[in-house]
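See structure below.
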Amino acid sequence: MPPVPDSILLEHAATLIGQADALVVAAGAGMGVDSGLPDFRSNEGFWRSYPALGRAQMEFSRIASPQAFRTDPALAWGFYGHRLGLYRATTPHAGFGLLKRWGERMPLGYGVFTSNVDGHFQKAGFDPLRVYECHGTIHQLQCLTPCSGDIWSAADFVPEVDVENCRLLNPAPRCPDCGGLARPNVLMFGDWDWNQAHSQVQQQRLLGWLAAASRPLVIELGAGTAIASVRDFSERVLELDGGRLIRINPREAAVLSARDVGLAMGSAAALAAIDALLQTSNSANA
């Protein structure tokens, strides 16, 4: 079967948006690439952003682990501190605003499921009560031990990082209860101590909202198959909630049903192209 032209796929996507009663945004790491955030999906891209880790041949899974905080806290916080500063300084791309506008026009509004820890949906103006961060958030901290079930804001921590050597220069954050080392409240590799209480509350809210939808539309962005958290969620909505799917991914855009849409494009470009069709349709119907 010959490939379907992009113009037809984009028109199909615009039609699905017009038919939905609820917008489910499902976002993976690729969503942030168009905002200028680094790509950790390959060692080459990861080590280009963190040359000190490249010189040490340290893969992402080794530095993104509780063990890294135990063995070399300055290096681990150099990595996470740099990411925290980068996420604070980066402006989410325009596609975030388009998704928010589309969702706000639907009868039941929008909900967000994301594996990203950058907090960019909230930064782009999404209601925090409608966001489920399944891997946690770098903007909150927890005790490394952990000594308790407490989670607290990272807002008062301003990391000073030697970027070339990926090392934290100022004091690392400490647990207010025991005085021990604090870590980001994110799910890492080999992580048995992640405090998921906040994430679980988010999950319950999102699933409760989704239960009321009869025609949910998932727009999945930048979610690959290597770590399939987001894809698994998208396909669960299709299977259990009768939803439809627009999958946006430059390399892995295949969908299982002709009723759904796969766009082999970047997030920002695809969302802008769909919005142009929606604007044209709205003008014609005015």
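The values are calculated or read from the model by the stated rules, or taken from the named source; none is laboratory data. Note that the structure is a prediction, hence the values are computed from the model and not measured. Note that we place each Cβ from the backbone using ideal geometry, even for glycine, and neighbour counts take in every protein chain shown. What goes into the accessible areas is simple: the full protein's heavy atoms, side chains included, and nothing from ligands, DNA or RNA. Shrake-Rupley method; radii C 1.70, N 1.55, O 1.52, S 1.80 Å.
Observations on the structure shown:
- D150 being more than 21 Å from F40 (Cβ to Cβ), touching a residue at least 12 places away in the same chain (Cβ under 8 Å) and open to solvent by 40 Å² or more (accessible area, probe 1.4 Å): yes
- Among (1) over 20 Å from L144 (Cα atoms); (2) in contact (Cβ under 8 Å) with a residue 24 or more places away in the chain - the single one H198 does not satisfy: (1)
- Taking the criterion of being under 18 Å from P184 (Cα atoms) and assigned to a strand (DSSP E or B), the residues of region 113-132 that qualify are T114, Y132.
- In region 63-74, the residues that are assigned to a helix (DSSP H, G or I), surrounded by fewer than 20 Cβ atoms within 10 Å (Cβ to Cβ) and touching a residue at least 40 places away in the same chain (Cβ under 8 Å): P66, Q67, R70, P73, A74
- Subset tally (residues that are open to solvent by 70 Å² or more (accessible area, probe 1.4 Å) and in contact with a Phe, Trp or Tyr (Cβ under 9 Å, 6 or more places away or on another chain)) for region 205-224: 1
- Once region 128-154 is narrowed to residues that are within 15 Å of the chain's Cα centre (by Cα) and charged (D, E, K, R), the residue that is nearest to P73 (Cα to Cα) is E133.
- On inspection, R231 fails the criterion of being under 19 Å from the mean Cα position of the chain (by Cα) and farther than 30 Å from S42 by Cβ.
- When we screen P184, P159 for residues that are over 30 Å from L240 (Cα atoms), at pLDDT 95 or above, open to solvent by less than 40 Å² (accessible area, probe 1.4 Å) and assigned to a loop (DSSP other than H, G, I, E, B), the only hit is P159.
- The set of residues from region 82-112 being open to solvent by 40 Å² or more (accessible area, probe 1.4 Å), part of a helix (DSSP H, G or I) and in contact with a strand residue (DSSP E or B) (Cβ under 8 Å, 6 or more places away or on another chain) comprises H82, K100, E104.
- Residue that is farthest from the chain's Cα centre (by Cα), among those in region 50-59 that are in contact (Cβ under 8 Å) with a residue 40 or more places away in the chain and surrounded by 14 or more Cβ atoms within 10 Å (Cβ to Cβ): A52
- Tally, over region 10-34, of residues that are under 21 Å from R231 (Cβ atoms), open to solvent by 20 Å² or more (accessible area, probe 1.4 Å) and at pLDDT 95 or above: 1
- Of residues in region 242-259 being surrounded by 18 or more Cβ atoms within 10 Å (Cβ to Cβ) and free of Cβ contacts under 8 Å to residues at least 40 places away in the same chain, the one nearest to W209 (Cα to Cα): L245
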